[in-house]
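Shown next, in structure tokens, is the structure this report addresses.
Coordinate-derived values only; no laboratory data. What you see is a predicted model, and the numbers here were worked out from it, not measured in a lab. Cβ: placed from backbone, ideal geometry, glycine included. Neighbour counts: every protein chain shown.
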Amino acid sequence: MRWAIWESKTKPNPGSEAGEWLTPGQFLIRNSGLISKTMLYQALKNGSIPSLRIGAKKILIRSDVFDHMESSEDTLKGETQ
């Protein structure tokens, strides 16, 4: 049996929207236009956004996606300056 180890930059607070566990599809529906579907799935695949696989589904913490988008913006700003 395989055990997944979850490491997240943030500790989710129960009832907190930022610490909400979502599937990638749910995140895309609720946060339409913030990140493209392709970009989200690429970040999940390369490990930039931590996720946990439960059966056939992947789940992620909403705040981790925002952390990834924020760090990506910082990287892009540094490259253009």
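Pairs of lysines in the range 21-80 whose Cα atoms sit within less than 19 Å of one another amount to 5, provided the residues are eight or more positions apart or on different chains.
Modelled label positions at K45 and W21, each set 7 Å beyond Cα in the direction of Cβ, lie 2.6 nm from each other. Compared with the direct C-alpha span, the chain from S32 to S72 gains 12.6 nm at full extension, assuming 0.36 nm per residue.
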